[in-house]
Amino acid sequence: MTIQFRLPLHRAGLFALCALAAPLASAQNPERRLESFAQHGQRLELTTNDGKYTITPYSDTIVETAFVPKGEAYDARSHAVVQAPARLKVRLAATPASISYATAGIAVTITRAPFQIAYAYKGKPLIAERHGYQRKGGAEMIDFALTPDEALYGGGARALGMNRRGHRLALYNKAHYGYEQRSEQLNYTMPLVLSSKKYMIHFDNAAIGHLDLDSAKNNVLAYETISGRKTYQVIAGDSWEGLASAYTGLTGRQPLPPRWAFGNFASRFGYRSEAHARETVAKFEAEKVPLDAIIFDLFWFGKEVKGTMGNLAFDKDTFPEPQKMIADFAAKGIKTILITEPFVLTTSSRWQEAVDKKVLATDGVGKPFTYDFYFGNTGLIDIFEPGARDWFWGIHKDLVRQGVGGWWGDLGEPELHPAGLRHASGTADQVHNIYGHDWARMVHDGYRKDFPEQRPFILMRAGYSGSQRFGLIPWSGDVSRSWGGLQSQTEISLQMGMQGLAYMHSDLGGFAGANPDDELYTRWLQYGVFQPVFRPHAQDDVPPEPVFRAPATLALAREAVKLRYRLLPYNYTAAFENHQSGLPLMRPLMYEEPDNARLRDVSDGYLWGKDLLVSPVVTPKLASKQIYFPGKNAWFDFQTGEKHAAGSSAVVKLSPDRIPVFVRAGAFIPMAPEMQNTAGYTGREIILHYYHDAALASAAGKLYDDDGATPEAYEKGQFELLRFASKRVASGLSISIASELGRKQAPVARAFSMVVHNIAVRPKRVLVENKPVAFAWDAGRGRLSFALAANKRAKRTLRIEL
């Protein structure tokens with residue numbers, strides 16, 4: 001349906017919108033003007049003197065604006081967006097000066113002359129274009145007017161400080177070997193900006209460019225690119241959580257990884273033989289350090305670092321029986337993960353095959369483009385060419401059939417990507433930033449087709465907006481094995497979580513450099529308990545595995561690994577929340593206090609899931625640390641039970657055996673008994689901690705469980721969701737546990753060991769289903785403990801009489 005606009009004018013509301021937008025509309029291009037407009041269904045089409053705009057609401061919080069200059073054709077391909085526009089009620093109003101196009105939440109105001117577009121959310125101005133799209137010095141750009149007080153985030157993985165305003169960011173995925181506190185450019189550079197005013201702008205274009213976050217300090221945000229789509233989405237929200245949900249709804253949500261991905265990994269550069277790998281796994285068993293996977297770096301396909309990349313088959317001399325090795329590990333509950341790279345060297349055993357099958361990116365005349373880089377003379381697999389994808393996936397598929405349990409995609413920026421190289425879908429610079437994205441897509445789609453009952457594990461060094469929907473697990477690259485390297489890691493993970501890639505994590509202990517610092521190693525692993533993937537990895541001049549460290553360091557590391565496993569039910573539930581709503585696993589403190597400007601640049605403390613407050617130790621020989629306790633609820637020390645009021649600060653004494661961790665008052669923290677790996681986890685025994693606070697009238701929590709392996713288990717109805725609730729009653733405290741089963745899920749008999757914290761007086765009695773049960777009360781720590789025998793009841797009720 002097409003409507004030409006001769007509609008009644010809602011002048012009062014429109015003028016109010018225009019007035020709200022006015023502070024943002026300080027700079028305009030006087031040469032641009034609106035010539036006509038028409039509505040086609042829910043799309044508003046605008047014709048200007050220099051081209052056409054299409055404005056499309058996707059929801060009440062998301063609107064897309066696309067511009068096609070005169071003489072160009074619209075490119076409908078988005079590599080990021082998967083959400084279809086919803087059917088919405090859209091209000092249109094027009095005056096001689098302007099047009100308003102609004103949903104129930106987001107409103108677009110178009111000034112006719114000079115032409116300009118401004119955005120508001122629920123009557124509050126967000127941002128406005130300044131000059132529209134322009135060409136300057138061979139680049140295409142668009143700029144926006146900022147307010148002076150807003151903080152800016154985004155642009156992918158960087159180490160610049162949480163508030164990135166004032167920086168000009170290159171949009172070109174690039175490795176930074178050995179970085180420490182600061183890195184202006186890393187492996188994930190995303191065309192995405194978030195504002196402390198709780199809106200986002202996603203520039204929906206894959207080509208390389210720059211994102212200028214007011215580097216000239218003139219209140220201007222600018223996006224610059226070499227070519228491509230002139231399309232962006234504005235996303236608004238009432239909260240940070242709402243913003244994360246809207247953006248990941250637009251670009252896709254992260255599938256749940258296999259449960260074993262939340263365990264411990266053995267990894268280094270690298271295991272040079274089958275014997276070396278077997279000895280390492282045996283050492284973990286002997287030292288009783290839990291282990292779920294072993295990762296093989298590039299020595300699995302060659303004896304040397306250089307000259308063998310592209311072989312992509314086990315070296316027969318050093319790995320004489322790889323399938324038996326993989327099967328033996330699997331029998332112990334340990335997965336085998338292999339590194340792959342997209343480079344095929346001219347010296348590799350597959351070079352001629354790659355040439356013959358035309359799987360390599362080409363030069364200007366259609367021949368394989370070859371060039372030198374660190375590993376040798378090489379070609380690059382053209383991941384955008386269907387035949388090349390099939391060839392590359394075929395190698396993966398054969399190895400999965402041999403038992404390989406997961407993949408590590410390395411150097412996928414690509415690490416060296418000459419501008420003269422040609423891919424099936426464009427030049428190197430046009431597709432550079434989506435190479436890792438499409439590589440992850442290949443693996444994800446391959447599993448769905450050939451192994452539909454298996455959740456893939458896809459560790460990738462580079463990606464793009466929306467890569468999370470392929471199950472991509474990012475890491476922060478070749479960080480220095482130093483205190484400076486550790487100090488930048490929380491910022492990188494927090495930023496990436498806000499940008500949809502919630503599994504960003506670091507090589508625990510640091511990767512680059514021969515630094516044997518045991519305190520650094522221990523503190524990094526203690527932090528790793530509360531980051532998305534627990535994976536110590538490094539150059540092997542100093543061992544990254546805890547089992548090869550000094551006895552005192554091993555003892556501390558073992559406790560960190562064991563705590564990681566005890567937290568499995570809590571961590572898996574946080575992963576489920578991410579899958580459902582896009583909530584990051586690691587969340588900035590400003591999630592708790594969005595209007596507290598002092599928290600906008602804070603990254604040395606964060607929330608792990610909903611209810612744990614974590615403050616890593618990132619400075620050597622530190623005796624104490626000041627902690628801020630955000631939000632409205634009190635916080636309890638995870639180890640001592642000491643209570644801290646919300647909104648307060650305290651200097652906390654540090655201990656070598658742990659980092660400061662606190663639990664929100666009213667939180668339910670489900671934990672598990674100790675295990676050697678997740679194959680031993682059944683979920684039938686849960687240690688449920690509840691942190692009571694008499695100031696709270698009620699509280700709630702949950703635990704999500706499935707088989708840990710079936711793709712889309714929740715969507716298929718193969719799950720159980722336990723909901724916990726507490727209520728203050730006249731006699732003391734009431735707690736309930738209710739079970740929601742998926743349509744294909746049989747009831748599971750679960751036993752609970754209940755631990756209720758902050759009980760100041762000995763309870764008169766504890767009732768389970770109105771029957772008294774035995775309990776223990778620790779007066780010194782204020783802890784109450786009792787057991788719930790295993791049964792399959794859909795609901796259990798407990799009462800603690802005080």
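Read-outs throughout are calculated quantities, based only on the coordinates presented, and are distinct from any laboratory measurement. In this text, all values refer to a predicted model and were calculated from it rather than measured experimentally. So basically every Cβ, Gly included, is an ideal-geometry build from the backbone, and we count neighbours across all protein chains shown.
Using unit Cβ charges (K, R positive; D, E negative) and no other charged atoms, how large, in debye to the nearest 20, is the dipole of region 354-496 about its Cα centre? Display every interim value, and only then the final one.
Details: 14 positive and 17 negative charges, 77 e Å.
Here the size comes out at about 380 debye.
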Considering only 183, 144, 273, whose Cα is most displaced toward the positive end of the charge dipole of the chain, charges sitting on Cβ of Lys, Arg (+1) and Asp, Glu (-1)? 144
Selection of chymotrypsin sites (Phe, Trp or Tyr not before Pro), region 752-802, meeting DSSP coil and at most 14 other Cβ within 10 Å: none
When the charge dipole of the chain is computed with +1 on Lys and Arg Cβ and -1 on Asp and Glu Cβ about the Cα centre, the Cα farthest towards its positive end, among 780, 291, 682, belongs to 780
Per-residue ellipticity at 222 nm attributable to helices in the chain (runs of n ≥ 4 DSSP H, -39500 (n - 2.57) apiece, nearest 500 deg cm²/dmol) works out to -5500 deg cm²/dmol
Calculated from the structure, percent of Cα pairs over 51 Å apart equals which of (i) 17; (ii) 21; (iii) 33? (i)
Taking neighbour counts of Cβ atoms within 10 Å as a proxy for exposure, in what order, fewest first, do 240, 300, 407 appear? 240, 407, 300
So how do 115, 668 line up by other beta-carbon neighbours within 10 Å, fewest first? 115, 668
Phi angles of region 236-243, converted by Karplus (6.51 cos²θ - 1.76 cosθ + 1.60, θ = phi - 60°) into ³J(HN,Hα) in whole Hz with x for Gly and Pro, give 10, x, 7, 8, 4, 4, x, 5
Under a straight-distance cross-link criterion of Cα-Cα below 26 Å, which lysines are reachable from residue 795, leaving out those fewer than 8 residues away in the same chain? 610, 702, 716, 727, 744, 764, 771
Whole-Å distance linking the alpha carbon centroid of region 122-178 with that of region 710-731 is 40
How large is the charge dipole for region 506-622, taken about the Cα centre, if only the Cβ atoms of Lys, Arg (+1) and Asp, Glu (-1) carry charge, to the nearest 20 debye? 300
Give a residue-ordered list of calculated ³J(HN,Hα) values for region 425-437 (Karplus: 6.51 cos²θ - 1.76 cosθ + 1.60, θ = phi - 60°; whole Hz; x for Gly, Pro). 10, x, 6, 4, 6, 6, 10, 3, 6, 10, 5, x, 4
Low-density loop GluC sites (Glu not before Pro), region 422-522, at most 11 other Cβ within 10 Å, DSSP non-H/G/I/E/B, are 453
Given pairs 288/449; 52/122; 124/632; 632/653; 174/621 and cut-off 32 Å on Cα-Cα distance, the over-length ones are 288/449; 174/621
Given Cα pairs under 8 Å that are at least 6 residues apart, what percent is the relative contact order of the chain? 10
Which distance in Å, rounded to a whole number, links the C-alpha centroids of region 317-355 and region 685-700? 48
Loop-located trypsin sites (Lys or Arg not before Pro) in region 193-236, at most 15 other Cβ atoms within 10 Å (DSSP): 217
Global geometry of region 503-659, whether rounded, prolate or oblate, following the gyration tensor of its Cα atoms and the 1.5 cut on a/c: prolate
Dipole magnitude of the chain about its Cα centre (Cβ charges: Lys, Arg +1; Asp, Glu -1), debye to nearest 20: 2780
Ordering of 342-355, 81-94 by burial proxy (mean other Cβ atoms within 10 Å per residue, highest first): 342-355, 81-94
Identify all lysines with a Cα-Cα distance to residue 324 below 23 Å; exclude those on the same chain that are fewer than 8 residues away in sequence. 283, 303, 316, 332, 335, 397
Can you give me the Cα centroid spacing of region 579-645 and region 539-568 in angstrom? 24
